[in-house]
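Throughout, read-outs are computed from the coordinates displayed, never taken from laboratory work. Treat the numbers as computed from the prediction; the structure is a model and nothing was measured. Here the Cβ positions follow ideal geometry from the backbone for every residue, glycine too, while neighbour counts run over all protein chains shown.
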Amino acid sequence: MSLIKKSFWAGALALAICTSSSFAGGKGIKVGDTLPDLSAFGLEGKLPDALKGQVVLLDFWASWCGPCKESFPVMDDLHQKYGPKGLVVLAVNVDESAAAMNEFLKEHPVKFVIVHDAIKKLVGDANISSMPTSLMIGRDGKVVAIHKGFHGKETAAAYAAEIEKLLAGDLVAK
């Protein structure tokens, strides 16, 4: 194997190890858990004033994530359609640099709230291991669903159905 190929594969392996270890590791958030106080995680950016009493779609994403590019227009549509009824879409970026996040947002502008988890405290404590991962949270602050990945129309339909049920009070954490 050539030196260039060896260097490439060594770099790819190192990146994979760093990426996995920088995200996963905490006890995790599971369905039925109460969402922790997000202000305790040192997130960069302005969090919404009040999440309690709202239905929240909390999305973890990265600029290098292909499915994240697909999910952003869907989440923006949900934000615009259901925001006035009590939905808050909050996206947590996990890029190493804010510059990468900002470059992504120039190409994929949205109207929902974006914060940056530069120190990876929230993503680590939540034990998020893949991008994107979304948590659907009811008005009581409890996680009612976790979506790993974004699978186009299937995930979009699941989001919409859960949001409608949560806004109507017909879906609770089990």
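Peptides 63-72, 87-96, 41-50, 162-171 ranked from most to least packed by the mean count of surrounding Cβ atoms within 10 Å: 87-96, 63-72, 162-171, 41-50. Determine ³J(HN,Hα), in whole Hz, for all residues of the range 131-136 in sequence, where each value follows from phi through the Karplus function 6.51 cos²θ - 1.76 cosθ + 1.60 and θ = phi - 60°; x replaces Gly and Pro. Rounded to whole hertz, the list is 10, x, 10, 10, 10, 9. Close amide H partners of Val89, meaning residues 5 or more places away or on another chain with modelled amide H under 5 Å apart, are Leu57, Val113. Label zone of Asn102 (point 7 Å out along Cα→Cβ, amide N under 20 Å): in the range 55-83 this covers 61-65. 3J(HN,Hα) couplings calculated from phi for the range 69-80 with the Karplus curve 6.51 cos²θ - 1.76 cosθ + 1.60 (θ = phi - 60°) are, in sequence order, 4, 6, 6, 4, x, 5, 5, 5, 4, 4, 4, 5 Hz; Gly and Pro show x. Shown in residue order for the range 120-126 are the 3J(HN,Hα) couplings computed by the Karplus curve 6.51 cos²θ - 1.76 cosθ + 1.60 at θ = phi - 60°: 6, 6, 5, 4, x, 5, 6 Hz (x for Gly and Pro).
For Lys120, the lysines whose Cα comes closer than 19 Å to its Cα, not counting residues fewer than 8 places off in the same chain, are Lys27, Lys30, Lys46, Lys148.
Send over the per residue convex hull volume for the range 3-168, Cα only, as a whole number of Å³.
Enclosed volume per residue, from the Cα hull, is 116 Å³.
Of all DSSP beta bridges confined to the range 31-174, the antiparallel ones make up roughly 50%. For Ala145, the amide hydrogen comes within under 5 Å of the amide hydrogens of Met136, counting only partners 5 or more places away or on other chains and with H modelled in the peptide plane.
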